[in-house]
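> If you scroll down you'll find the structure; I have some questions about it.
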Amino acid sequence: MNYTLHQLRVFLTVCEAGSITKAAEVLHLTQPAVSIQLKNLQAQFEIPLTEIVRRQLHVTEFGQEIAETCERILNEAETINQKIQAFKGQISGTLKLSIVSTGKYVMPYFLSQFLMENPAVKLKMDVTNKSQVIQSLEDNAVDFSLVSILPERMSLNAIPLMQNKLYLIGNSDFVKQHPVNQIEDLEKVPLIFREEGSGTRQTLERFTSFKNLNIQNSMELTSNEAVKQAVVAGLGYSIMPLIGIKNDLQLNNLEIIPIKGFPLTSQWQLVWLKNKRFSLAAQAYISYVEKHKTDIIKEKFDWYEAYQ
């Protein structure tokens, strides 16, 4: 056999993308170029790697096994490149993260200086809901994840970063029409929820269960931005992380309702599998966060930490 790393990379990308067209977009190649590489790789195997069913490309069972081997080979080749760069005094490789949606207000500040100091390190960060973040951890598809509530039944290491503060918020006109002066009043007003499984939703449900509150779920939305805009529009109250509403508070689009029991708190934590085999870039990043996290919080989040 005389296959090349490029052929393996093309085949793996086709498997992940599900089509030659999408793989070509990912690889920044033409469709014919991808097809040629796929054909040249296939020529070295007697068993089909892919098949066309109803004009749709499918990876065969044998192809799936080869794809898994391709991934291991390409990872080892990347490790070789990283070690070469390390001997030259440079850190290289790809840093892969998945973070919950509110983490987009936090995580960039814990990455920016590290990436500037290590320009050969590439960042791949997926901002998604909590269930997808947990799935990426379980699949060992990322180096790190940022969560505000640790998933159950997973063996993880963690670095606590910052407290996640959740406040009751509302639009000023809506607040005047539907005042909330104590926790029990929450049973009488429309409340806008995040979707099932989100960290914000879980924190709220634990709180209402502890307080024996019968809360009405008047609306359920799948992002903090959507929830925020619904509250700004006067559709109800919501419980939201302070980190994502700074500008709206300053512009008086929203106001925090000062009632006893708030803020609700959880903890943003950088987590990874205990048996995770780190790349050199991931090892360097862990060291960076442990060394600099206190300074980053003080410099970038002073306003947040001081907010009561």
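Please treat every number below as a calculation from the coordinates, not as lab data. Fair warning: this is a prediction, and the values are worked out from it, not measured in the lab. Cβ atoms come from the backbone with ideal geometry, glycine included; neighbour counts cover every protein chain shown.
> Test Leu166 against the stated conditions and say whether it is touching a Lys or Arg at 6+ places or on another chain (Cβ under 9 Å) and among the aliphatic types (A, V, I, L, M).
Values: touching a Lys or Arg at 6+ places or on another chain (Cβ under 9 Å): no; among the aliphatic types (A, V, I, L, M): yes.
No: the conditions fail for Leu166.
> Now a separate question. Consider Val142 carefully, then state whether it is under 19 Å from Ser287 (Cα atoms) and under 15 Å from the mean Cα position of the chain (by Cα).
Working: under 19 Å from Ser287 (Cα atoms): yes; under 15 Å from the mean Cα position of the chain (by Cα): yes.
Yes; evaluated as a whole, the condition is true for this residue.
> Sticking with this one: Of all residues in the stretch 182-199, which are surrounded by fewer than 17 Cβ atoms within 10 Å (Cβ to Cβ) and part of a helix (DSSP H, G or I)?
Answer for the stretch 182-199, where residues must be surrounded by fewer than 17 Cβ atoms within 10 Å (Cβ to Cβ) and part of a helix (DSSP H, G or I): Ile183, Glu184, Asp185, Glu187, Lys188.
> Before we move on, is Lys83 of a type in the set (Lys, Arg), part of a helix (DSSP H, G or I) and surrounded by 11 or more Cβ atoms within 10 Å (Cβ to Cβ)? I'd like the intermediate steps shown before the answer.
Values: of a type in the set (Lys, Arg): yes; part of a helix (DSSP H, G or I): yes; surrounded by 11 or more Cβ atoms within 10 Å (Cβ to Cβ): yes.
Yes, satisfied.
> Within the stretch 271-308, which residues are under 17 Å from Leu115 (Cα atoms) and among the aliphatic types (A, V, I, L, M)?
Passing the criteria: Leu280, Ala281, Ala282, Ala284, Ile286, Val289, Ile296.
> Working only within the stretch 16-71, note down all residues that are surrounded by 12 or more Cβ atoms within 10 Å (Cβ to Cβ), over 17 Å from His6 (Cβ atoms) and hydrophobic (A, V, I, L, M, F, W, C).
Residues satisfying the conditions are Leu57, Val59, Phe62.
> List the residue pairs whose Cβ atoms are under 7 Å apart, where the first residue sits in the stretch 109-129 and is of a type in the set (Phe, Trp, Tyr), the second is outside any helix (DSSP H, G or I), and the two are 6 or more positions apart or on different chains.
As it stands, the answer is Phe110/Leu161, since those pairs meet every condition given.
> I would also like to ask the following. Taking only the stretch 19-31 into account, find how many residues are touching a helix residue (DSSP H, G or I) at 6+ places or on another chain (Cβ under 9 Å) and under 21 Å from Thr60 (Cα atoms).
Restricting attention to the stretch 19-31, the residues satisfying the condition of being touching a helix residue (DSSP H, G or I) at 6+ places or on another chain (Cβ under 9 Å) are 20-27, 29-31.
The next check asks that each one be under 21 Å from Thr60 (Cα atoms); those that pass are 20-24, 31.
Matching residues across the stretch 19-31 total 6.
> What are the pairs with Cβ atoms under 7 angstrom where one residue, in the stretch 12-40, is within 18 Å of Glu65 (Cα to Cα) and the other, located anywhere, is surrounded by fewer than 19 Cβ atoms within 10 Å (Cβ to Cβ) and among the charged types (D, E, K, R)? Sequence gap at least six, or different chains.
From residues that are within 18 Å of Glu65 (Cα to Cα), the pairs are Leu12/Glu71.
> Any idea which residue in the stretch 148-198 is nearest to Tyr105 (Cα to Cα), counting only those that are in contact with a helix residue (DSSP H, G or I) (Cβ under 7 Å, 6 or more places away or on another chain) and of a type in the set (Ser, Thr, Tyr)?
Going through the qualifying residues, I end up with Ser148.
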